[in-house]
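Throughout, read-outs are computed from the coordinates displayed, never taken from laboratory work. From a predicted model like this one, the values you see are computed outputs, not experimental measurements. When we count neighbours, we look across all protein chains shown, and the Cβ atoms used for this are built from the backbone with ideal geometry, even at glycine.
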Amino acid sequence: SEASARTPRRATVSGLQASPAVAAAFLVVERERFLPGLGAARGYPDAAVVTKTDADGLPVSASTQPAMMAVMLDQLALGRGQRVLEIGTGTGYNAALLAHLAGDQRLVTSVEFDGEVAERARTSLAAAGYGGITLRHGDGALGAPDDGPFDRIIATAGVWDIPPAWLGQLAPGGRIVLPLSVRGIQLSTALERDAGHWASRSACRCQFIRLAGAFAGPEFVLPLGPQPGLHAHVVDGSVVYATGPPAEALYQALSAPAAESPTGLAVSDVRELADLDLWLTVTEPGLCRVNLFGRHEGKASKAQHRIASLMPLGALATAGTGTLGVASLGRAASQGSDPSAPTQAVVRGYGPAGAALAAHLAGRATAWHQQGRPGTDRLQLSVYSPGAEPEPLGTGLVVRRPHACLSVGWPETPTARR
């Protein structure tokens with residue numbers, strides 16, 4: 001019943017860091033309507049729910065974690081009466097939230113690449129009372145030119161390159177929020193026009209299933225060990241994609257014990273560690289980014305379980321045909337009774353060159369600390385036309401894509417630590 005459903009719904013909403021308008025939308029829209037079979041209690045934990053997998057057991061569609069949805073909706077700042085385009089309908093739950101925020105279902109257009117997923121969302125939206133939303137089945141990279149221009153656009157799939165149609169379909173003063181891949185780390189980024197380019201207004205680390213269709217990124221996926229099981233998503237920097245580590249060598253390296261290099265830096269939580277991870281990824285463009293994902297439950301080997309422990313942050317690896325080294329960030333084991341107390345950040349190295357790479361990155365962590373520990377709260381990201389020649393911003397780099405040129409980094413700051 002609605003009364004029994006509101007209890008877990010209110011519990012979830014009370015834990016969200018959301019504006020009053022977004023929190024109110026979460027209270028009204030019933031998530032369980034878009035997750036058939038789960039029921040109200042199971043539909044409201046603050047967790048993502050995979051709704052479709054491929055032949056290898058890897059997710060191709062999911063209901064996003066409510067906390068991440070709330071962050072992106074607040075980044076979007078959708079006002080009543082504003083027209084909005086959503087790329088990636090998924091279950092339809094987010095489209096319903098958008099309709100509540102806009103105040104009129106007719107102002108919402110959502111595009112879904114997968115026909116089966118689109119039909120399921122259409123049925124769920126109609127049953128939940130949101131049949132007035134325009135749902136289109138097609139390649140989201142094309143946008144929805146017949147329904148634009150839009151005041152807001154939000155993508156709920158990981159984006160490697162920015163489709164020109166999205167920016168072209170934004171009305172003057174419009175804003176787009178998208179999970180943009182910066183060397184394999186996805187950042188939910190809010191962009192607005194600013195003097196001939198697009199400038200970020202906020203950024204937050206996230207993890208979404210990658211965009212399908214014509215604008216799917218060229219990063220490749222390597223199976224690690226017995227299948228179905230773990231996979232590595234290998235991402236470029238300034239290196240050529242084909243020079244990523246071979247699957248067997250990567251699996252063997254990550255299966256072996258790690259060589260640990262202490263950084264000498266205390267970190268209070270995983271978010272601070274993630275800021276260091278982002279900074280190292282941006283400032284070490286000669287290394288490959290390796291993100292790990294997939295199934296590792298059940299009869300997974302000890303090696304796969306050990307590899308799975310790298311999943312939250314991923315790793316950096318040497319590129320090319322030379323000696324393989326892989327390194328990932330972690331926290332040293334707590335020495336006290338309080339597991340939430342600050343602990344030292346360490347870098348764990350794997351493979352023949354892992355120890356040297358870990359030592360190098362541990363030394364680089366000192367530079368991060370001396371620069372004031374820059375993270376996503378200070379990150380600036382600008383999007384230019386592909387032929388632009390922007391200067392790197394402070395500590396950062398320029399990333400070129402076929403349809404966009406990204407300048408990513410942190411401005412010079414007098415803040416320093418010793």
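Points to keep in mind about this one:
- Whole-Hz Karplus values for the range 85-97 come out as 10, 10, 9, x, 5, x, 6, x, 4, 5, 4, 5, 4 Hz, taken residue by residue from phi with 6.51 cos²θ - 1.76 cosθ + 1.60 and θ = phi - 60°; glycine and proline positions read x.
- The charge dipole of the chain, taken about its Cα centre with unit charges on the Cβ atoms of Lys, Arg (+1), Asp and Glu (-1) only, comes to about 660 debye.
- Under 5 Å between amide hydrogens, built in the peptide plane, is the criterion, and for Gly314 it picks out Leu292 among residues at least 5 positions away or on other chains.
- Couplings for the range 206-223, taken from phi via the Karplus curve 6.51 cos²θ - 1.76 cosθ + 1.60 with θ = phi - 60°, read 8, 8, 10, 4, 6, 4, 9, x, 4, 9, 5, x, x, 4, 10, 10, 10, x Hz in order; Gly and Pro are left as x.
- For peptides 213-219, 173-179, 225-231, sequence by mean Cβ density within 10 Å, most packed first: 173-179, 225-231, 213-219
- Cut-off under 5 Å, modelled amide H: who pairs with Leu135 long-range: Ser110
- Cα-based equivalent ellipsoid, the range 82-200: semi-axes from gyration tensor eigenvalues, Å: 23, 16, 12
- Residue of Asp46, Asp275, Asp146 that the Gaussian network model of the chain assigns the largest fluctuation, springs spanning Cα pairs under 10 Å: Asp146
- Vicinal HN-Hα couplings computed from phi for the range 117-124 (Karplus, 6.51 cos²θ - 1.76 cosθ + 1.60; Hz; Gly/Pro x): 5, 4, 5, 5, 5, 4, 5, 5
- A Cα-only calculation for the range 163-276 places Rg and Dmax at 18.4, 55 Å.
- Sorting 251-258, 190-197 by their mean Cβ neighbour count within 10 Å, with the most densely packed peptide first, gives 251-258, 190-197.
- Over the range 139-223: Rg over Rh, Cα atoms, Kirkwood Rh: 0.97
- Amide H contacts for Ala404 (H built 1.01 Å from N in the peptide plane; partners 5 or more residues away or on another chain; cut-off under 5 Å): Ile162.
- Kirkwood-Stokes translational diffusion coefficient of the range 40-119, alpha-carbon pairs, 20 °C, 1.002 mPa s, µm²/s: 158
- Space enclosed by the convex hull of the alpha-carbon atoms of the range 57-101, per residue, Å³: 75
- Sorted largest first, the spans of the alpha carbon positions of the chain along the three principal axes are 58, 52, 40 Å.
- Here the contact order of the chain, divided by its residue count and restricted to Cα pairs under 8 Å and six or more residues apart, works out to 11 percent.
- Each helix, a run of at least 4 DSSP H residues, gives -39500 (n - 2.57); summed and divided by the residues of the chain, these come to -8000 deg cm²/dmol at 222 nm.
- One quarter of the convex hull surface built on the alpha carbon atoms of the range 110-165 amounts to 4.3 nm², the projected area averaged over directions.
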